[in-house]
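Single-structure report; data block below.
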Amino acid sequence: MARVYNFSAGPAVLPEEVLKEAAAEMLDYKGTGMSVMEMSHRSKAYQEIIDEAEADLRDLMNIPDNYKVLFLQGGASQQFAMIPMNLMKNGVADYIVTGQWAKKAYQEAQKYGKANAVASSADKTFSYIPDCSDLPISEDADYVYICENNTIYGTKYHTLPNTKGKILVSDVSSCFLSEPVDVTKYGMIYGGVQKNIGPAGVVIAIIREDLITEDVLPGTPTMLQYKIHADNGSMYNTPPCYGIYICGKVFKWLKKMGGLEAMKAHNEKKAKILYDYLDESKLFKGTVRKEDRSLMNVPFVTGSEELDAEFVKAAKAAGFENLKGHRTVGGMRASIYNAMPIEGVEKLVEFMKAFEASHT
Ligand SMILES: *Cc1c(COP(=O)(O)O)cnc(C)c1O
């Protein structure tokens, strides 16, 4: 059995150690005689799993006590509706549109209130992050919304926007736990875990307590109210039990690796290898403005669609999987999340160099 280097944008590579541990516990989780998949979510063993997962995440991210951690379902996309339903108390919110996910969130919010696009980078195919130091933030905005790392385009906010005192809500799906964050700067941080943490089916939302109220839009379904999930410890109904268990293992792995400072250093080192080569290559070019580059998703092109396709095919044959760019943008994209080992990036660059040598 050989594992490939998997550059998928999501669902994506997970730490091998975690997968092996899960495999070893598959038939008998710690003497319970059953798999975590088969276990009641009301059992003592499961309560320990979810409690430990939350405690480890709080520890990793240094989450203050006045923030709740919720394990939810429905993908990051369900939050596009849940956020306005729960947080649009005045019926107004400002959105910064830096890619498809931000745009989808913005469009969904329009169903529930007045959503304003206060900045956008659509003019240059979302290849940069707009200047957000002095935006026309609405007086009565309930929150300002960003997608912090744009998975498809490979951009990342390296400075958070000046929200002029309004609450910041951030989709961190593709940069979750890739580096330290100051949670106190946000009203809410959330992300689908299938990019950098665990299996698809779990969404983690970290929300400041005072924002979690019964004052939601009329008609908001019970299951879409943060308060219901907060009051019930993420177990109002059956949570995505197995997914949360794997997330918990990844949190432990991250702690063992030295936490988020160490992850940041590791991710910077990996990304530098690839970006340095892209900057010197005569064949491959990065597509993102340098100061806005993501540490997680690295899009690049040759300038020829045919050559791009040839590269993706050759790379696959050599054991580098999922390098094709998003279906809406083409080219290539290497997603180099936490669990991608440094050798994966080194070997990819070696392969790109050889490809360049034989095609120029
Ligand atoms: C993948 C992704 C989404 C959508 O996630 P789903 O779980 O498929 O709904 C939203 N935002 C970002 C930044 C993403 O990378």
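Identify the residue in segment 280-305 that is part of a loop (DSSP other than H, G, I, E, B) and hydrophobic (A, V, I, L, M, F, W, C) and, among all such residues, is nearest to K195 (Cα to Cα). Break it down stepwise before answering.
At the first step, the residues of segment 280-305 found to be part of a loop (DSSP other than H, G, I, E, B) are 281-284, 287-289, 294-296, 302-304.
Filter again for hydrophobic (A, V, I, L, M, F, W, C), leaving 283-284, 288, 295-296.
Working: L283: 29, F284: 25, V288: 20, L295: 13, M296: 10 Å.
The residue in question is M296.
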Exclusive hit being surrounded by 14 or more Cβ atoms within 10 Å (Cβ to Cβ) and within 16 Å of the ligand (Cβ to nearest atom), set Q47, Q79: Q79
Enumerate the pairs (first residue in segment 156-174 and within 15 Å of A119 (Cα to Cα) and not assigned by TED's automatic domain parsing to the domain that holds I197; second residue anywhere and modelled with pLDDT of 95 or more and part of a loop (DSSP other than H, G, I, E, B)) with beta-carbon separation below 7 Å, excluding pairs fewer than 6 apart on the same chain, so at least 6 apart or on different chains. none
Give the number of residues within segment 142-155 that are more than 15 Å from G191 (Cα to Cα) and either not β-branched (V, I, T) or not assigned by TED's automatic domain parsing to the domain that holds V97 (or both). 4
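Taking segment 306-334, which residues are part of a helix (DSSP H, G or I) and of a type in the set (A, V, I, L, M, F, W, C)?
Filtering segment 306-334 for residues part of a helix (DSSP H, G or I) gives 306-317.
Correct list: L307, A309, F311, V312, A314, A315, A317.
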Those residues of segment 260-274 which are surrounded by 20 or more Cβ atoms within 10 Å (Cβ to Cβ) and more than 13 Å from S335 (Cα to Cα), in sequence order: L260, M263
Need at least 3 residues that are away from the ligand (no atom under 15 Å from the Cβ) and out of contact with any Lys or Arg (no Cβ under 9 Å at 6 or more places or on another chain) per element, so show me which strands (runs of 3 or more DSSP E) inside segment 103-214 make the cut, counting only ones lying wholly within it. 114-120
From the list D131, D171, pick out the single residue that is touching a helix residue (DSSP H, G or I) at 6+ places or on another chain (Cβ under 7 Å) and of a type in the set (D, E, K, R). D171
Failed item, numbered, when N162 is tested on (1) farther than 16 Å from V69 by Cβ; (2) touching a strand residue (DSSP E or B) at 6+ places or on another chain (Cβ under 7 Å); (3) polar (S, T, N, Q): (2)
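Just checking, does segment 219-240 include any residue being in the same structural domain as M340 (by TED's automatic domain parsing), farther than 20 Å from A339 by Cβ and either surrounded by fewer than 22 Cβ atoms within 10 Å (Cβ to Cβ) or modelled with pLDDT under 95 (or both)? It would help to see each step written out before you state the result.
We begin by selecting, within segment 219-240, every residue in the same structural domain as M340 (by TED's automatic domain parsing); these are none.
The answer is no; no qualifying residue exists.
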Residue match in segment 346-357 (condition: in contact with a Ser or Thr (Cβ under 7 Å, 6 or more places away or on another chain) and surrounded by fewer than 20 Cβ atoms within 10 Å (Cβ to Cβ)): yes
Search segment 125-155 for residues being within 20 Å of T328 (Cα to Cα) and without any contact (Cβ under 8 Å) to a residue 60 or more places away in the chain, and hand back the single one that is surrounded by the most Cβ atoms within 10 Å (Cβ to Cβ). C147
Is it fair to say A45 is in contact with a strand residue (DSSP E or B) (Cβ under 9 Å, 6 or more places away or on another chain), assigned by TED's automatic domain parsing to the domain that holds Y226 and assigned to a helix (DSSP H, G or I)? no
Take the conditions in contact (Cβ under 8 Å) with a residue 24 or more places away in the chain, in a helix (DSSP H, G or I) and among the small types (G, A, S) and apply them to G233. Does it pass? no
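If a residue has to be among the polar types (S, T, N, Q) and surrounded by fewer than 20 Cβ atoms within 10 Å (Cβ to Cβ) to count, how many in segment 275-321 make the cut? Before you say what the answer is, go through the steps one by one.
Filtering segment 275-321 down to residues among the polar types (S, T, N, Q) leaves 281, 287, 294, 297, 302, 304.
Okay, now just the ones that are also surrounded by fewer than 20 Cβ atoms within 10 Å (Cβ to Cβ), so 281, 304.
Here the count works out to 2.
The values are calculated or read from the model by the stated rules, or taken from the named source; none is laboratory data. Remember, it's a predicted structure, so these values are computed and weren't measured experimentally. So basically every Cβ, Gly included, is an ideal-geometry build from the backbone, and we count neighbours across all protein chains shown.
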